[in-house]
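The values are calculated or read from the model by the stated rules, or taken from the named source; none is laboratory data. Keep in mind that what you see is a predicted model, and the values were worked out from it rather than measured. Cβ atoms come from the backbone with ideal geometry, glycine included; neighbour counts cover every protein chain shown.
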Amino acid sequence: MSEYSKHPKAIWAIGGGKGGTGKTFLAANLAIALSVERGDVVAVDADLGGPNLHTLLGVRENGRDLGDFVRNEVTRLEDIALPTSFPGLRLIRGSENTLFLANLNHYRKLKLIRQIKSLPTRGVVIDLGTGSAYNTLDLFLTASPGVLVVTPEPTAIENAYLFLKSCALRVLKAYARYFGIRDFDQKMSQWLEYPSATLRKFMEIFSASDGSAGQVLTAALNNFKVYLVVNKARDRKDVHLGRSIVDVVRKYFLIDMDLLGTVPQDERVHWSLKKFSPFIFEHPESEVSKAIRSMAERLSLESPLIKPEERPSSQA
Amino acid sequence: MIRKIEEMDFYDLLNLPLDASPKDIENAYLLAVAAYHREGLASYGGLGDVDRRLMLDKVEEAFQTLRDPEKKKAYDPLVLPGHPEFQQRAYFRRSTRRLEIEDASEEEKLWGKIKAVLSLPRRRGDGHGHREHGDEWERERLPQDFYYYGDYLKKVREIRGLSREDIAERCGISPVRLESLEEESFPSPSHGEELLEGLKRYAKCLGLDPENGRGSPFSDRFDE
């Protein structure tokens, strides 16, 4: 048994539906903060449309990327993990090849997910792209927990709800198929015809018609853990906004959401981007960096590393 | 079985612990109104108008019940047994509608001690499980101080069906000034105190505790 296989690995996926909310910014800086916490972290750029995590991490050299893995030019995902200038952090670059998306069929996606789960590291940060495509949703659902990023704008929040709803449907469908719950797809399709109907309402009606199946599916939603980050917050009302979104999600989506943190707006982010230098490295004492370190600490604490000497001996 | 929103108890509805203070109750109320108002950003794209209205009606009912000590006292025994953290070990006297330990002498302050133990913050995963809508740890982190944002007061006014003119007449604040309070459109930080005093007066007109507000609204901004 290798050293890493003894450690429970944590996978965090950063998603959110809308572009421009700061998913990649958060993924890059969280990955650095988590690599300090855990000693060995791999950041995976799974933005299938426009990868640029390498830019935010200051990696300018070209090398192997996810496209090579998907095309079977490389067998093991860990072989394309590039070193970064941050000790303990490696990067798997996204593919800029426009054919990459077309090549990521169901089989290859499963292979990618399987290999992400078995990466020899103490933590994986997945940076996801915009939208609610199945590939993006499935990568988000691979994580435990997923981190949803919003900005205090109606468009970002609207897309975040769409993203969550799509994730919830994916979870429910998978459970319904696994437990052989009959008529689920049909009832779900009927419900989807009324976009204003909430997931809670659907579950209320479904549970009334099939109590035991309703219990299974409600438990599935309750076990779907998501963290929320409000990025580019300008005042305390934006902190309240995060709490309120969590309340809406718990009550109407029945998903186990918590507020991970609020990242204040900082104009210096723009300048750090221009310098190809991660913000947390450029401005370690800023409120933004403190907020990100605090999030990393909480995420890491919730997926503790167990040292081999602390594990119960198999000889005992 | 999933309870309908209409069937949720007022504490779950407002994400409040059982021993919430009047200030906690008011803060939770303001937060809920800001979230579920038709202009509330937090529910934009997630809820339709019917669901928002239903929630706001329940939130208003919850607030009007929990803020009133007499109504709260009558309401609490109806919902306390439904809360897993409330392990009832005392007899409930139907005649007085009080728990036996509530009738204990003031010197013993037993009830206060028990409430303090019951309301200890707990983290998820500590073996106690968690409730459907938020655990004690989450609730513990709600801000103790709350600022009366003009925007929040405007939403409270609107969900109660009051016009600016109604408030102007009731409080003696001109509609124009009310509008600037709601928009918080004061020119500079030097007007912070003036704005805060105006907002406190506005809050009092809405039946909220004017001392609940704090500081200058300008100091609330991250970039100031």
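Assess whether A:Ile306 counts as being buried (at least 20 other Cβ atoms within 10 Å of the Cβ), at pLDDT below 95 and hydrophobic (A, V, I, L, M, F, W, C). Lay out the reasoning, then the answer.
On the way: buried (at least 20 other Cβ atoms within 10 Å of the Cβ): no; at pLDDT below 95: yes; hydrophobic (A, V, I, L, M, F, W, C): yes.
In short, no.
For the range B:80-96, the criterion of being modelled with pLDDT of 90 or more and either touching a helix residue (DSSP H, G or I) at 6+ places or on another chain (Cβ under 7 Å) or loosely packed, with under 12 Cβ neighbours inside 10 Å (or both) is satisfied by no residue at all.
Tallying residues that are polar (S, T, N, Q) and farther than 17 Å from B:Arg3 by Cβ within the range A:211-252 yields 4.
Find the helices (runs of 4 or more DSSP H) located wholly in the range B:1-86 whose residues include 1 or more that are within 11 Å of chain A (Cβ to nearest Cβ), and list them. So that I can check it myself, show each step before the final result.
Details: elements: B:10-13, B:22-36, B:49-66, B:69-79.
Answer list for the range B:1-86: B:10-13, B:22-36, B:49-66.
Within the option set A:Leu89, A:Leu56, A:Leu66, being farther than 25 Å from A:Leu260 by Cβ, surrounded by 18 or more Cβ atoms within 10 Å (Cβ to Cβ) and over 16 Å from the mean Cα position of the chain (by Cα) holds for one residue only, A:Leu66.
Checking the structure you have, find out if any residue of the range A:68-85 is touching a residue at least 12 places away in the same chain (Cβ under 8 Å) and either of a type in the set (S, T, N, Q) or under 20 Å from A:Val269 (Cβ atoms) (or both). Among the residues of the range A:68-85, at least one is touching a residue at least 12 places away in the same chain (Cβ under 8 Å) and either of a type in the set (S, T, N, Q) or under 20 Å from A:Val269 (Cβ atoms) (or both), which makes the answer yes.
For A:Tyr107, indicate whether it is touching a residue at least 12 places away in the same chain (Cβ under 8 Å) and either farther than 26 Å from A:Leu241 by Cβ or in contact with a Pro (Cβ under 8 Å, 6 or more places away or on another chain) (or both).
On the way: touching a residue at least 12 places away in the same chain (Cβ under 8 Å): no; either farther than 26 Å from A:Leu241 by Cβ or in contact with a Pro (Cβ under 8 Å, 6 or more places away or on another chain) (or both): yes.
Here the answer is no, as A:Tyr107 does not meet what is asked.
Listed by first and then second residue, the pairs linking a residue in the range A:112-128 that is within 22 Å of A:Pro304 (Cα to Cα) to a residue that is of a type in the set (Lys, Arg) and outside any loop (DSSP other than H, G, I, E, B), with Cβ atoms under 8 Å apart and 6 or more places separating them unless they lie on different chains, are A:Thr121/A:Arg90; A:Arg122/A:Arg38; A:Gly123/A:Arg38; A:Asp127/A:Lys23. Can you tell me which residues in the range A:246-261 are closer than 25 Å to A:Lys290 by Cβ and within 9 Å of chain B (Cβ to nearest Cβ)? Those that are closer than 25 Å to A:Lys290 by Cβ and within 9 Å of chain B (Cβ to nearest Cβ): A:Val246, A:Asp258, A:Leu259.
Please count how many residues of the range A:269-290 are outside any helix (DSSP H, G or I) and modelled with pLDDT of 90 or more. Working first, answer last.
Going residue by residue through the range A:269-290, those that are outside any helix (DSSP H, G or I) are A:275-278, A:283-286.
Filter once more, keeping what is modelled with pLDDT of 90 or more: A:278, A:283-286.
Final tally of qualifying residues: 5.
So that you can scan it fast, the table gives a plain yes or no per residue for (1) at pLDDT 85 or above; (2) under 20 Å from A:Val239 (Cβ atoms); (3) aromatic (Phe, Trp, Tyr); (4) not in a helix (DSSP H, G or I):
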{"residue": "B:Val176", "(1), (2), (3), (4)": "yes, no, no, no"}
{"residue": "B:Glu182", "(1), (2), (3), (4)": "yes, no, no, no"}
{"residue": "B:His191", "(1), (2), (3), (4)": "no, no, no, no"}
{"residue": "B:Leu196", "(1), (2), (3), (4)": "no, yes, no, no"}
{"residue": "B:Glu211", "(1), (2), (3), (4)": "no, no, no, no"}
{"residue": "B:Arg214", "(1), (2), (3), (4)": "no, yes, no, yes"}
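Which residue is nearest to the other protein chains (Cβ to nearest Cβ), if the candidates are limited to the range A:201-231 and must be buried (at least 18 other Cβ atoms within 10 Å of the Cβ), over 10 Å from A:Ile255 (Cα atoms) and in contact (Cβ under 8 Å) with a residue 40 or more places away in the chain? Only one residue fits best here, namely A:Met203. Is there a residue being on the phi > 0 side of the Ramachandran plot and either in a strand (DSSP E or B) or touching a Leu at 6+ places or on another chain (Cβ under 8 Å) (or both) anywhere in the range A:222-245? For the range A:222-245, residues on the phi > 0 side of the Ramachandran plot and either in a strand (DSSP E or B) or touching a Leu at 6+ places or on another chain (Cβ under 8 Å) (or both): present.
Matching residues to (1) within 21 Å of A:Lys275 (Cβ to Cβ); (2) touching a Lys or Arg at 6+ places or on another chain (Cβ under 7 Å); (3) of a type in the set (A, V, I, L, M, F, W, C):
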{"site": "A:Lys23", "(1), (2), (3)": "yes, no, no"}
{"site": "A:Val44", "(1), (2), (3)": "no, no, yes"}
{"site": "A:Asn52", "(1), (2), (3)": "yes, no, no"}
{"site": "A:Asn72", "(1), (2), (3)": "no, no, no"}
{"site": "A:Lys117", "(1), (2), (3)": "no, no, no"}
{"site": "A:Tyr134", "(1), (2), (3)": "no, no, no"}
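Only one of the numbered conditions (1) crowded, with 19+ Cβ neighbours inside 10 Å; (2) over 23 Å from B:Ala28 (Cα atoms) is not met by A:Lys275, and that is (1). Does A:Gly131 fit the bill of being within 27 Å of B:Ala35 (Cβ to Cβ) and either among the hydrophobic types (A, V, I, L, M, F, W, C) or not in a helix (DSSP H, G or I) (or both)? Answer is yes for this residue. Comparison of A:Ser207, A:Ser244, A:Ser289 shows that the only residue that is in contact with a His (Cβ under 9 Å, 6 or more places away or on another chain) and among the small types (Gly, Ala, Ser) is A:Ser289.
Reported count of residues in the range A:169-192, each being among the aromatic types (Phe, Trp, Tyr) and closer than 17 Å to A:Phe253 by Cα, is 2. For the range A:232-245, taking the residues that are modelled with pLDDT of 90 or more and at the interface with chain B (Cβ under 8 Å from one of its Cβ atoms), the one that is surrounded by the fewest Cβ atoms within 10 Å (Cβ to Cβ) is identified as A:Ser244.
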